[in-house]
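One structure is given here, and the rest of the page talks about it.
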Amino acid sequence: MLSTVLQKALNEQINKEFYSAYLYLAMSAHFEDANLSGFAKWMKLQADEEQEHGMKFYSYLLERGAKVDLTPIAGPVIEGKSNLEIFKQVQAHEAVVTASINALYELALKENDYPTQIMLQWFITEQVEEEKNAADIVAKLDMIQDKGTAVLILDQQLGYRGSD
Ligand code: FEO
């Protein structure tokens, strides 16, 4: 049986993953509007991944015979205006998600819940990749700033996501 405290924390993580999906979907719409279809595609695929993350927690709770508690998802807020600011927000957001996953793992240790520890290992590995992907794009945008031609090249590159 999942402990009540762990059950609550896992349900909160579902909300955080779906909020992430909402945030990246809003960013995708922003980039579509800015005629940066590659950036938009990258964000859309990122939003899809976040929904999958949320569903992993959802399925896990059901597998453990626990209650799924879906709570309202906050409206996404894009904080910056420039491409660099937006990707910096992604990077910062992923760091928050990593902290949340780590806190869940610590809780699973405290509760002596071995299956949850094993389930969370996938997310710990995934967060390394999530943070690296965001950091790579931030580094590139930092180099090119808003120089049109370079932005278009990066836009093309990001548009390849999902086709490799
Ligand atoms: Fe679900 Fe981007 O972490």
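The values are calculated or read from the model by the stated rules, or taken from the named source; none is laboratory data. Keep in mind it's a predicted model, so treat the numbers as computed, not measured. Glycine gets a Cβ as well: all are built from the backbone with ideal geometry, and neighbour counts include every protein chain shown. To get the accessible areas, we keep the full protein, side chains included, count just its heavy atoms, and leave off ligands, DNA and RNA. Shrake-Rupley method; radii C 1.70, N 1.55, O 1.52, S 1.80 Å.
Annotations for the structure displayed:
- Number of residues in region 82-131 that are of a type in the set (Lys, Arg) and either within 27 Å of residue 30 (Cβ to Cβ) or in contact (Cβ under 8 Å) with a residue 12 or more places away in the chain (or both): the value is 1.
- Every residue from region 1-14 that is farther than 18 Å from residue 124 by Cα and not basic (Lys, Arg): 1, 2, 3, 4, 5, 7
- Scanning region 20-46 for residues that are more than 10 Å from the ligand (Cβ to nearest atom), assigned to a helix (DSSP H, G or I) and of a type outside the set (A, V, I, L, M) gives 22, 28, 30, 31, 32, 33, 37, 38, 39, 41, 42, 44.
- One residue from 107, 152 being more than 22 Å from residue 90 (Cα to Cα) and aliphatic (A, V, I, L, M): 107
- Among residues of region 60-70, those that are touching a residue at least 12 places away in the same chain (Cβ under 8 Å) and either closer than 16 Å to residue 162 by Cβ or open to solvent by 70 Å² or more (accessible area, probe 1.4 Å) (or both), counted: 3
- Pairs meeting the criteria (first residue in region 145-164 and in contact (Cβ under 8 Å) with a residue 24 or more places away in the chain, second residue part of a loop (DSSP other than H, G, I, E, B) and not acidic (Asp, Glu), beta carbons under 7 Å, at least 6 apart or on different chains) are 146/82; 155/36.
- Helices (runs of 4 or more DSSP H) fully within region 47-164 counting 3 or more residues that are at pLDDT 95 or above and within 11 Å of the ligand (Cβ to nearest atom): 83-110, 114-144
- The set of residues in region 13-59 being open to solvent by 20 Å² or more (accessible area, probe 1.4 Å), free of Cβ contacts under 8 Å to residues at least 40 places away in the same chain and within 15 Å of the chain's Cα centre (by Cα) consists of 44, 48, 49, 51, 52, 55.
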